[in-house]
Amino acid sequence: MDVRIENSWKEALRDEFSEEYFAEMVSFLHGEKAAGKTIYPPGGLIFNAFSLTPVDKVKVVILGQDPYHNPGQAMGLSFSVPKGVPAPPSLKNIFKEIGTDLGIAMSGSPDLTPWAEQGVLLLNTALTVEAGKANSHAGIGWARFTDAVIKYLSDTREGIVFLLWGNFARSKKTLIDASRHHVLEAAHPSPLAGGAFFGCRHFSKTNEILLSEGKSPINWQL
C-alpha cells in the first residue's frame, strides 16, 4: 500500500503506524491486490482526506462509513466523487439540504475537495473497500485507526464541529470530548432514511459556531 500522508498527520499518528495491526492491514491489502482484487480508492488517494486537511487546519469533521465501491467513485474523501461522476444519492441530498439551509444554488459538482481545503476533514471510518463489496474492509483494522484519528483531534484540538449523520457515525460520539468540541447529530442523508436528514441545518449551524469562535466560516457552495 502506498502510504502518502501529510507530515502533520504522519507525526500525529506515528504510534498507530508502528502498531502491529497496521502492519497486518497493509499486508492484507498487498495480498488482496496480488490476488488480482480491485481495491478502492487508488493507493495514492487512500489518505487523501489527510493530505488535503492538515491537523492544525481541521475545523469541521464530516464522518462517513465506507468508500464508494463502484468504479471511478472513491477518492479518499467521505461522500465525495470526482468531477464528471454523477453525484450518488446521499450527496444529492446533502446538496439539497445546503440549498434549502443557505439559500444557495449548488453547481452539482460532486468533488468536495474545496471543502477539504477549507478545513473540513472528510473522514470515512474505513479507508478502503473491495470493488463491488460494500463494507468489505470494515473489519480489517481501519476502525481502530480512524477511531484514533477522532480521539487525537478531540484530545489535542478545541472547537471542532463534528457532524455525525446516521446511527453508525453517531456511535463515534463517545470518542469526542463534548466539553471541548461541538457535536451536531442528524439522520443519514441516504434516501433510505426517508428524508429525515432534511431540515437539520447543519451547514448554517456549523458556520454560526465557527464565527462565534472567531474562525472563518466554510464556503459550502460548489
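The values are calculated or read from the model by the stated rules, or taken from the named source; none is laboratory data. Bear in mind that the values here come from a model prediction, so they are computed numbers and not experimental data. Please note: Cβ atoms are built from the backbone with ideal geometry, for glycine as well, and neighbour counts cover all protein chains shown. Quick note on the areas: whole protein, heavy atoms, side chains included, nothing else; ligands and nucleic acids left out. Shrake-Rupley method; radii C 1.70, N 1.55, O 1.52, S 1.80 Å.
F17 versus (1) at pLDDT below 95; (2) of a type outside the set (S, T, N, Q); (3) touching a helix residue (DSSP H, G or I) at 6+ places or on another chain (Cβ under 6 Å): which is the lone unmet condition?
(3)
Name the pairs: first residue in the stretch 57-69 and farther than 10 Å from Q118 by Cβ, second residue in a loop (DSSP other than H, G, I, E, B) and among the charged types (D, E, K, R), Cβ to Cβ under 9 Å, at least 6 apart or on different chains?
These pairs meet every condition: V58/R157.
I'm trying to understand the selection: among the residues of the stretch 102-137, which are among the hydrophobic types (A, V, I, L, M, F, W, C), assigned to a loop (DSSP other than H, G, I, E, B) and buried (at least 16 other Cβ atoms within 10 Å of the Cβ)?
M106, L112, A126, L127
Mind listing whichever residues of the stretch 166-222 are in contact (Cβ under 8 Å) with a residue 60 or more places away in the chain, part of a helix (DSSP H, G or I) and open to solvent by 80 Å² or more (accessible area, probe 1.4 Å)?
Answer for the stretch 166-222, where residues must be in contact (Cβ under 8 Å) with a residue 60 or more places away in the chain, part of a helix (DSSP H, G or I) and open to solvent by 80 Å² or more (accessible area, probe 1.4 Å): just F168.
Output the residues belonging to the stretch 26-57 that are surrounded by fewer than 22 Cβ atoms within 10 Å (Cβ to Cβ) and within 30 Å of E213 (Cα to Cα).
Once the filter is applied, which keeps residues that are surrounded by fewer than 22 Cβ atoms within 10 Å (Cβ to Cβ) and within 30 Å of E213 (Cα to Cα), the stretch 26-57 yields F47, S51, P54, V55, D56, K57.
Taking the stretch 68-101 only, how many residues are part of a loop (DSSP other than H, G, I, E, B), open to solvent by 20 Å² or more (accessible area, probe 1.4 Å) and among the hydroxyl-bearing types (S, T, Y)?
The qualifying residues number 1.
Looking at the stretch 153-165, which of the residues that are of a type outside the set (V, I, T) and part of a helix (DSSP H, G or I) is most open to solvent (accessible area, probe 1.4 Å)?
My answer is D155.
Can you spot a residue in the stretch 105-114 that is touching a Phe, Trp or Tyr at 6+ places or on another chain (Cβ under 6 Å) and either of a type outside the set (A, V, I, L, M, F, W, C) or free of Cβ contacts under 8 Å to residues at least 60 places away in the same chain (or both)?
Scanning the stretch 105-114 turns up no residue that is touching a Phe, Trp or Tyr at 6+ places or on another chain (Cβ under 6 Å) and either of a type outside the set (A, V, I, L, M, F, W, C) or free of Cβ contacts under 8 Å to residues at least 60 places away in the same chain (or both).
Does at least one position in the stretch 164-184 carry a residue that is of a type in the set (D, E) and in contact with a helix residue (DSSP H, G or I) (Cβ under 8 Å, 6 or more places away or on another chain)?
Yes, that holds for at least one residue.
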